[in-house]
Structures are given as C-alpha cells and as structure tokens.
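A short write-up of the structure that comes next.
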Amino acid sequence: MQTKEDPAGAARQLWAGAFRGMLSTHSLDEDGYPFGSIVPYVLDDAGHPLLLLSHLSQHTRNLDADSRCGFLVTETGDGDVQQLARLSALGDTRWIDPPGEAERYFACFPHTRPYFEQLGFRFYRFEARRFHWNGGFATARWFGGDRILRSNPFGADVQSRIKAHMNQDHADTLRDYLEKQTGVATGDDVVMVGIDAEGIDLRFGDCLQRVPLPRPIATADEARAVLVEMARDT
C-alpha cells in the first residue's frame, strides 16, 4: 500500500477495503471505560460504513445509549505491526432503516442475510467526524471527512449491470484481477460484489479483496475502459 505519495488516497483504499474494523463504544456496565469489538462492514454510497448488529450484543446496547464511538481499520500483513497502515475515525453510529445498500452488504457477507431476516439484526451507520491516518513511521496526520469520504458515482442500477456483466461473462478476468493486481490466488469462484470510483471489490469463498483502479472513474463508459485496460495488463 503506497502511503507517502498520496496518503489520503491510501487511507481511502484502506477505508473501502478493510471490510472489518474495531468498534469502540462507551461501556454501559463500566461507566467511563471503552468497549472494543470487531465488526464487519461495507461502505454505503456516501462512503460511510454500514454495520449489521444484533440487538442483543453489548456494543449495540452501548450505541443505543451513546452513539459516540471510534472505528479503527488496519492493513493486514506480517512483520512490525507499527509499520502497517491504520485509519482511526471518531464519529457516531446510529440505527437506520434498512438502506438501499443492504443487498451490497449481503453480497459481501451472504451468511448474514438470515441474521437480518430471522434474528432481528438491525443496520447501523457509522458517520465519521475526523480521521487519524498512520501509514508507518513519521506519517501520522489528521484528515477531515472531505479527504476520505467519497460518494459512489454509480447508481444502484449501473452497479448491478456492471457486476452482472462481469460475473456472467468475465469470471476468468476477475480471477486474473485478483491474482495479478493483489497477488492473491484462489481455487474458489471469484465474484465482483462492488464497484466505485476508485476500486472494485471481489469475493471468493469467505474472503473479500479490494482491487484499486489505476485511475478514478465516474461513468459506465469509463468503468468499461479501465476494466478492459486492467485485463490487458494482467
């Protein structure tokens, strides 16, 4: 992950592609103390993390009483953990009606649909106030939301068409993207579950992997062109 040339860009890729983070809430049981838990997430079309939480969980009870919280996402890797990139956000997490991006959440985490439909889990949205980025030694800095949050330029219909086309007609290309662009090889089927201005999201088995795009895109024609370009480069 490049950090020094474009730290905000690297932070955005981590924000969009970590798919799980540490949610730190205010404990109801131990007043004044933080309570940390790991939760999966996807970004909504405005760039905010969507969480699917059980009403029985401790962190949900904490949030319903006090929405203020922290959210930390980290780069994975070996070696010195302090040299890995991390992005810590301060904000509020609140219950929302089922969002339009719910199907994207279920596409990324298929096993969670029964949690929502049968077990009473509810969607929450984390809305950040500030971000603290650390990409390694001497790279720490604060960012405002305008540097990290990016709205998806593609409406739900366009996203669905692009994903359906790639999944139905270019399954081998998706596998090539995964292997050549990220170095990850798998024997599982590779499925595109997301596309936005700066990357595509792929699922294989129980794993998710973000593939950054070589340049930002904003239209279906630009998406087509950059995906073809990436296929030629693999």
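Derivation of every value follows stated rules applied to the coordinates shown; laboratory data play no part. Everything numeric in this text was worked out from a predicted model, so none of it was measured. Ideal geometry is used to build each Cβ from the backbone, glycine not excepted, and the neighbour counts take in all protein chains shown.
Against the main long axis of the alpha-carbon atoms of the chain, helix 156-169 sits at an angle near 50°. Each label was represented as a point 7 Å from its Cα along the Cα-to-Cβ direction; for D31 and D169 these points are 6.3 nm apart.
Neighbour counts of C-beta atoms inside 10 Å place Y177, Y33 in the sequence Y33, Y177, starting with the fewest. Panel order for K163, K180, by other beta carbons found within 10 Å of each beta carbon, from fewest to most: K180, K163. Amide hydrogen proximity for F19: with H placed 1.01 Å from N in the peptide plane, no residue at 5 or more positions away or on another chain lies under 5 Å. Phi-derived couplings, Karplus 6.51 cos²θ - 1.76 cosθ + 1.60 at θ = phi - 60°, listed residue by residue for the stretch 114-122: x, 4, 6, 7, 10, 10, x, 5, 10 Hz, with x used for Gly and Pro. As an exercise, use a Förster radius of 35 Å and the Cβ-Cβ distance of L90 and T182 to find the FRET efficiency, rounded to the nearest 0.05. The pair L90/T182 has a calculated efficiency of 0.70. Assuming R0 = 45 Å, what is the FRET efficiency of L56 and R232, from their Cβ-Cβ distance, to the nearest 0.05? About 0.35, to the nearest 0.05.
Basic side chains Lys and Arg get +1 at the Cβ, acidic Asp and Glu get -1 at the Cβ, and with that the dipole of the stretch 156-233 about its Cα centre reaches some 80 debye.
The residues V191, V42, when put in order of fewest to most other Cβ atoms within 10 Å, stand as V191, V42. Out of every Cα-Cα pair in the stretch 7-148, what percent are more than 18 Å apart? Summing the P(r) of the stretch 7-148 above 18 Å gives 56 percent of all pairs. Which of rounded, prolate, oblate describes the stretch 156-233, given a ≥ b ≥ c as roots of the alpha-carbon gyration tensor eigenvalues and a/c under 1.5 marking rounded, otherwise prolate only if a/b is larger than b/c? Taking the square roots of the gyration eigenvalues as a ≥ b ≥ c, the stretch 156-233 is prolate.
Diffusion coefficient of the stretch 83-134 by Stokes-Einstein, Kirkwood radius over Cα pairs, 4 °C, 1.567 mPa s: 99 µm²/s.
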